[in-house]
Amino acid sequence: MFTGGRRISSRGKRNYELGREAGDPHIAPTRKKQIQTRGGNHKVRLLRCDVACVADPKTGTSKNVKIDSVVDNSANLHYIRRNIVTMGAIIKTELGDALVTNKPGQEGTINAVLLSS
């Protein structure tokens, strides 16, 4: 029978259940931070970056280009104003608009594919 009483957990969180602060990489001169993960592995947390490796599907080449701004980000509309780059964001570069295809906060770089204009 349910009484509506508050349920109290029998234990607290274990160390492996704890989360971490988000990297939220935004456009500025590059700054990275290496964090240790489970099993002695590591991730490179990208905090700031102003360069992206943009691939052109028509020519099959890729080039490192400067990022101007974030045009669209479906993860969060406020990320557009704050210029935060996440997977699926559309960024404005010197070559044109590009779609981010990796997770910059976990991999330490920004990879993107040029959108056809």
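The values are calculated or read from the model by the stated rules, or taken from the named source; none is laboratory data. From a predicted model like this one, the values you see are computed outputs, not experimental measurements. A quick note on method: Cβ atoms are made from the backbone with ideal geometry, for glycine too, and the neighbour counts reach across all protein chains shown.
Going residue by residue through the stretch 54-65, is there one that turns out to be touching a residue at least 24 places away in the same chain (Cβ under 8 Å) and closer than 25 Å to E21 by Cα?
no
Would you mind telling me which numbered condition in (1) within 12 Å of the chain's Cα centre (by Cα); (2) surrounded by 14 or more Cβ atoms within 10 Å (Cβ to Cβ) A22 fails?
(2)
State whether one or more residues within the stretch 87-98 are polar (S, T, N, Q) and farther than 17 Å from P29 by Cα.
No, every residue in the stretch 87-98 fails to be polar (S, T, N, Q) and farther than 17 Å from P29 by Cα.
Which one of these does V71 not meet: (1) more than 25 Å from K33 (Cβ to Cβ); (2) not in a strand (DSSP E or B)?
Just one mismatch for V71, condition (2).
Would you be able to say whether some residue in the stretch 76-94 is of a type outside the set (K, R), part of a strand (DSSP E or B) and within 9 Å of the chain's Cα centre (by Cα)? Working first, answer last.
From the stretch 76-94, those of a type outside the set (K, R) are 76-80, 83-91, 93-94; that's our starting set.
Narrowing further to those that are part of a strand (DSSP E or B): 84, 90-91, 93.
Subset that is within 9 Å of the chain's Cα centre (by Cα): 84.
Yes - at least one qualifying residue is present in the stretch 76-94.
Which one is modelled with the lowest pLDDT among residues in the stretch 33-52 that are part of a strand (DSSP E or B) and surrounded by 15 or more Cβ atoms within 10 Å (Cβ to Cβ)?
K43
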